[in-house]
Amino acid sequence: MAKNKEIEFEASNSKIKLGTSDYIVRGTGYVLVTLYAIACVFPFLIIIGTSFTSESYIRTHGVQLFPREFTLKAYEMVIGSGNIWKSYLLTIVLTLIGTVCGLLIIAMTGYALQRKDFPFRNAISFYIYFTSLFSAGLAPYYLLMTQTYKLLDSYLAVLLPLMMSPWLIILMKNFIKQIPHEITESGKIDGAGDMTIFVYLILPMIKPALATIGLFLALGYWNEWYQSSLFLTAKVTVKPLQYTLYEIVNKLDALRNSVAGQYVTLTDIPEQSVKMANAVLATGPIVLLYPFVQKYFIGGITVGAVKG
Amino acid sequence: MSNKSKKASTGVKKRGVLETLWRYRVLELMCLPAIVFFFMFSYMPMPGIWVAFVKYNYRKGIFGSKFVGLQNFEFLAESGKLFSLTRNTVLYNLAFIILGNLVAVIIAILLNEIRAKMFKKVSQTLMFLPYFISQVLVGLLVYSLLNYDTGFVNEILVALGKAKWQPYSDPSVWPWLIVLIHLWQQTGYNSVVYFAAICGIDAEIIEAAKVDGANAFQRIRYIILPSLRPTIVILILFALGGIVRGNFGLFWNIIGSNSVLYETTDIIETFVYRATMSDFNFSTASAVGFYQSLVGFAIVMLANFAVKKIDPDYSLF
């Protein structure tokens, strides 16, 4: 009780004597943090502004922070082609299936690997962890996926590889570790099997962990362009959103690489505003959602960042 | 107590391996999908490393192609390619690690000093934004700022009556630009770790220092920085473990196949990607990849050894 009073006293005391140094540090803080925050948003404003600007104005005046000669033409073109909705649907389906399956597998594995009575936990942990220490590299992976698994032009080549990573499993393991072992013990005493304990006792207790890791997975799927660039060729018409954007941004390369490209004239190259409208549509959902989910990310980073 | 555990351990020994396997079948089944996954996508490609030692022939496959020993590696080493790729990858990573942590620590400390809750919240949200977007969009953002015809920077230069800037044909500016872009994208994320560590410092210590007349600089210098030291050291060591692994998405989406800039921007990942996807030169790609994996593995081991010396709790194994 006396101690509490003391702290209160000190806290109020410290409020009184704010020295010059405090003002300098705080002032620098406000200035630098504000500048950095503005720098973080600024490029996005250019993308949005330009997407509503007429193409002729962009050609003569460059990209715009605020829309000039306001027009929805770029959006009409992107939406009018119809493929963007299919890309949306594909991306949403991939994200949902991948996140749910990945989350379930990661949670099960994380639970089993943190059980101190499970004799194979170290061996399996090492088996999983080793893959992040040593990898075969891109060329053998590409040859295996395309020649042995025959996954060229298959959506499975995008869905499967993103489903889990050693890092996410370790993160889940560390989350579940924080739950007292007595929970598992009490379930055992009541005669429940390991699966029952996991589903009915553990899963309800790790909702924050599921949210965090689910979001990491979902972000991975939503932003996926890499596996698509490896395995989805021109034969596939509907591609994930970010890869669609990638193709439009790099249209020249894409045209050069595709057989049909030889007969495409330069006028078919998408214009600036169309690129920007595509970027807005592909990124919009994430940017709108993330302020609501960022606390789960922060939770994940602080639990998983250091402890391996 | 020790008697009891002894009994338990001999009990385990008496049971055969098969019996143990059967006893923990449910937990094993729970791990099975992950085991299969890593087998399929991480272990199965490993025998394919052999492609680095052959002259790859599409029809004959990896194991039917002609064995050429270390020829692929020799070619890469003699041409100086291996050296320049390693140099670029390592130097970029060093800059990312040192500056990245420095900036993140500074932002975290400043954020901690700021009292206005609303300001803190909004700025943190904005700082996180670049982390959430795909590298494809990062490439487009950079392009729309810097390109010659319509770029924002050139608009301003023209408005000021200055000559236009052509970064996309000038290799010398990219080390600065790429480091800056990396900091832009990662600082919000990285500073969270340090911010959490600062929040973990006992508030009483800081209050006590205030009572004793320590000013803001002294509190940062003698309390906050020393408390952050272990976190900084461990994070840097872990990052050093990955020093030969480049951030492919960042480089590829900003530079792409603009060969004018390769001299200062080509890292191991971008070279391997081009060799695989554009040139279909699987042997060369795999030789570089295998070299990277071996060196990377050795460095992780060293880093982990160092972490273990400093604080065994944080070591990986």
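Assorted remarks:
- Alpha carbon convex hull of segment B:172-317, projected area averaged over orientations, nm²: 11.7 nm²
- Inter-part distance where segment B:242-303 and segment A:108-169 are each reduced to a Cα centre, Å: 21 Å
- Kirkwood-based shape ratio for the protein assembly as shown, expressed as Rg/Rh from alpha carbons: 0.99
- Take each residue of peptide B:61-73, count the partner chain Cβ atoms within 10 Å of its Cβ, and average: the result is 1.
- Listed values for segment B:106-120 are Karplus-derived 3J(HN,Hα) couplings in whole Hz (6.51 cos²θ - 1.76 cosθ + 1.60, θ = phi - 60°), namely 4, 4, 5, 5, 5, 4, 5, 6, 6, 9, 5, 4, 4, 4, 4, and x replaces Gly and Pro.
- Computed from the C-beta positions of A:Ser81 and B:Phe217, the FRET efficiency with R₀ = 56 Å rounds to 0.45.
- Counting only the Cα atoms, segment B:13-67 fills a convex hull of 131 Å³ per residue.
- Per-residue [θ]222 nm for chain B (sum of -39500 (n - 2.57) over DSSP H runs n ≥ 4, rounded to 500): -22000 deg cm²/dmol
- Since only A:Thr60, B:Tyr222, B:Phe282 are under comparison, the one whose Cα sits farthest along the positive direction of the charge dipole of the protein assembly as shown, derived from C-beta charges on Lys, Arg, Asp and Glu, is B:Tyr222.
- Taken over chain A, the percentage of Cα pairs per 10 Å bin, counting from 0 up to the bin with the maximum distance, is 5, 18, 23, 22, 17, 10, 4, 1, 0.
- Order of A:Ser273, B:Ser257, A:Ser81 under a 10 Å beta carbon neighbour criterion, fewest first: A:Ser81, B:Ser257, A:Ser273
- Comparing B:Phe38, B:Phe83, B:Phe67 in a Gaussian network model of chain B where C-alpha atoms under 10 Å apart are linked, the largest mean-square fluctuation is found at B:Phe38.
- The eigenvalues of the Cα gyration tensor, multiplied by 5 and square-rooted, give segment A:89-205 an equivalent ellipsoid with semi-axes of 32, 18, 11 Å from largest to smallest.
- Extended-chain gain in nm, criterion 0.36 nm per residue less alpha-carbon gap, B:Tyr58 and B:Asp279: 78.3 nm
- Within segment A:27-66, backbone nitrogen closer than 15 Å to the virtual label 7 Å beyond the Cα of B:Thr125 toward Cβ: A:37-38, A:41
- Sorted from longest to shortest, the spans of the Cα atoms of segment B:146-237 along the three principal axes equal 58, 32, 19 Å.
- Note on chain B: with a GNM built from Cα contacts shorter than 10 Å, the maximum mean-square fluctuation among B:Ile106, B:Ile114, B:Ile243 falls on B:Ile114.
- Spin-label model distance (nm) - A:Phe70 vs B:Lys309, 7 Å beyond Cα toward Cβ: 6.4 nm
- Between segment B:84-137 and segment A:24-87, the Cα center-to-center distance that results, in Å: 22 Å
- Furthest towards positive pole of dipole, B:Ile178, A:Tyr149, B:Met40, structure part the protein assembly as shown, Cβ charges: B:Met40
- Highest average packing first - A:154-166, B:88-100, Cβ atoms within 10 Å: A:154-166, B:88-100
- Net dipole in debye of segment A:81-304 [+1 Lys, Arg Cβ; -1 Asp, Glu Cβ; about Cα centre; nearest 20]: 100 debye
- Between the beta carbons of A:Asn122 and B:Phe297, assuming R0 = 25 Å, the FRET efficiency works out to 0.80 to the nearest 0.05.
- Going from the fewest other Cβ atoms within 10 Å to the most, the residues B:Lys162, A:Lys73 appear in the order B:Lys162, A:Lys73.
- Once backbone amide H atoms are built at 1.01 Å from N, B:Val54 has B:Val68 as its partners under 5 Å, excluding neighbours fewer than 5 places away on the same chain.
- Our analysis of segment B:81-121 gives Rg over Rh at 1.36, with the two radii drawn from alpha carbon positions and Rh computed by the Kirkwood formula.
- Backbone N within segment B:216-242 under 17 Å of label point (7 Å from A:Thr20 Cα along the Cβ vector): B:216-219
- Peptide A:21-33, shielding by other chains (average Cβ, 10 Å cutoff): 6
- Options A:Gly80, B:Leu29, A:Ile46, ranked by Cα towards positive dipole end of the protein assembly as shown, top entry (Cβ charges): B:Leu29
- Stretching A:Leu35 away from A:Val238 to a fully extended chain increases their span by 69.1 nm, per 0.36 nm per residue minus the current alpha-carbon distance.
- Rh by Kirkwood over Cα pairs, then Stokes-Einstein D for segment B:236-293 at 1.002 mPa s and 20 °C, µm²/s: 177 µm²/s
- Residue-averaged beta-carbon neighbours from other chains (10 angstrom radius) around B:89-102: 0
- Taken about its Cα centre, the protein assembly as shown carries a charge dipole of roughly 1500 debye when the Cβ of each Lys and Arg holds +1 and the Cβ of each Asp and Glu holds -1.
- Radius 15 Å from Cβ of A:Val293, net charge of other residues (Lys, Arg +1; Asp, Glu -1): +3
- Computed as a quarter of the hull surface, the mean projected area of the alpha carbon convex hull for chain B stands at 27.2 nm².
- Applying the Karplus relation 6.51 cos²θ - 1.76 cosθ + 1.60 with θ = phi - 60° to segment A:33-38 yields 3J(HN,Hα) values of 5, 4, 4, 5, 4, 5 Hz, where x marks Gly and Pro.
- Neighbour-count ranking [beta-carbon atoms within 10 angstrom, fewest first] of B:Leu82, A:Leu245, B:Leu137, B:Leu240: B:Leu240, B:Leu82, A:Leu245, B:Leu137
Readers should treat all values here as calculations from the given coordinates under stated rules, not as data from a laboratory. All values derive from a computational prediction rather than experimental measurement. Note that each Cβ is placed from the backbone with ideal geometry, even for glycine, and that neighbours are counted across all protein chains shown.
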